Every structure is written in C-alpha cells, then in structure tokens.
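Visitor: The structure follows.
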C-alpha cells in the first residue's frame with residue numbers, strides 16, 4: 001500500500017475577467033508548500049496579492065483543511081492580519097489564521 005501526499009502547489013492570481021483557461025497573464029504567482037496537515041507556507045510570491053486575493057486563497061485552502069498560512073517577508077514589510085512568528089536573518093515569518101480572513 002502507498003500513500004502520496006501533495007505538498008507543493010502553484011497559485012496564479014488573475015485580474016477580474018482574466019483566467020488561466022483564457023491564457024491570460026496572472027497579476028501574481030506564488031508557490032504553496034504544505035508544512036503540516038493544516039498549515040501552508042506562501043513562498044516565492046511575485047506580483048501583488050491584495051487582501052481580496054488573500055481572502056479568496058484562504059477560502060480555497062480552508063476547503064482542503066488548511067487553517068494557517070505562513071508568509072515570509074523581508075523584515076520591515078508586514079502582512080495584513082498576520083502575526084509575527086519569528087525573524088531569521090533579513091526575513092520575518094508571519095502567520096495568518098484563515099479564520100481572520
């Protein structure tokens with residue numbers, strides 16, 4: 001018997017009226033990495049993820065049982081609704097409860 005666990009995903013965020021199926025350019029792209037059953041780290045994000053985008057991402061991940069997002073940012077740059085978890089070198093790690101979104 002085997003069990004395959006999917007740990008990494010790519011999320012693409014599109015402007016209103018644009019889509020992956022339409023071949024449009026996303027306004028933001030990020031890698032999502034599961035760090036445990038209920039936690040996902042948002043990594044290597046490029047572009048602009050606004051509050052509405054984060055809420056939509058939170059809703060989609062909550063359906064999969066995720067309750068916490070971890071976001072790594074350069075120290076001095078916060079995360080809306082995020083709580084500082086730790087600072088390591090030039091980066092700060094914030095956790096965002098999906099219930100807060």
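The values are calculated or read from the model by the stated rules, or taken from the named source; none is laboratory data. Computed from a predicted structure; not experimentally measured. No Cβ is skipped: glycine too gets one built from the backbone with ideal geometry, and neighbour counts run over all protein chains shown.
Visitor: I'd like the full set of residues that are in contact with a strand residue (DSSP E or B) (Cβ under 7 Å, 6 or more places away or on another chain) and under 14 Å from residue 14 (Cα atoms), limited to the stretch 46-70.
Guide: Matches in the stretch 46-70: 46, 47, 48, 49, 53, 57.
Visitor: Regarding residue 29, is this residue out of contact with any helix residue (DSSP H, G or I) (no Cβ under 7 Å at 6 or more places or on another chain), part of a strand (DSSP E or B) and free of Cβ contacts under 8 Å to residues at least 24 places away in the same chain?
Guide: Yes.
Visitor: Still on this model: Can you pull out every residue in the stretch 22-45 that is over 18 Å from residue 72 (Cβ atoms) and either loosely packed, with under 13 Cβ neighbours inside 10 Å or out of contact with any strand residue (DSSP E or B) (no Cβ under 7 Å at 6 or more places or on another chain) (or both)?
Guide: Matches in the stretch 22-45: 22, 23, 24, 25, 37.
Visitor: Pick from 49, 98, 57: which is at pLDDT below 95 and touching a helix residue (DSSP H, G or I) at 6+ places or on another chain (Cβ under 6 Å)?
Guide: The match here is 98.
Visitor: Kindly provide the set of residues from the stretch 58-78 that are surrounded by 12 or more Cβ atoms within 10 Å (Cβ to Cβ) and closer than 16 Å to residue 37 by Cβ, ordered by number.
Guide: Residues satisfying the conditions are 61, 62, 64, 66, 67, 68, 69, 70.
Visitor: In the stretch 85-101, what count of residues is obtained for those that are touching a strand residue (DSSP E or B) at 6+ places or on another chain (Cβ under 7 Å), closer than 22 Å to residue 52 by Cα and either touching a residue at least 24 places away in the same chain (Cβ under 8 Å) or exposed (fewer than 13 other Cβ atoms within 10 Å of the Cβ) (or both)?
Guide: 5
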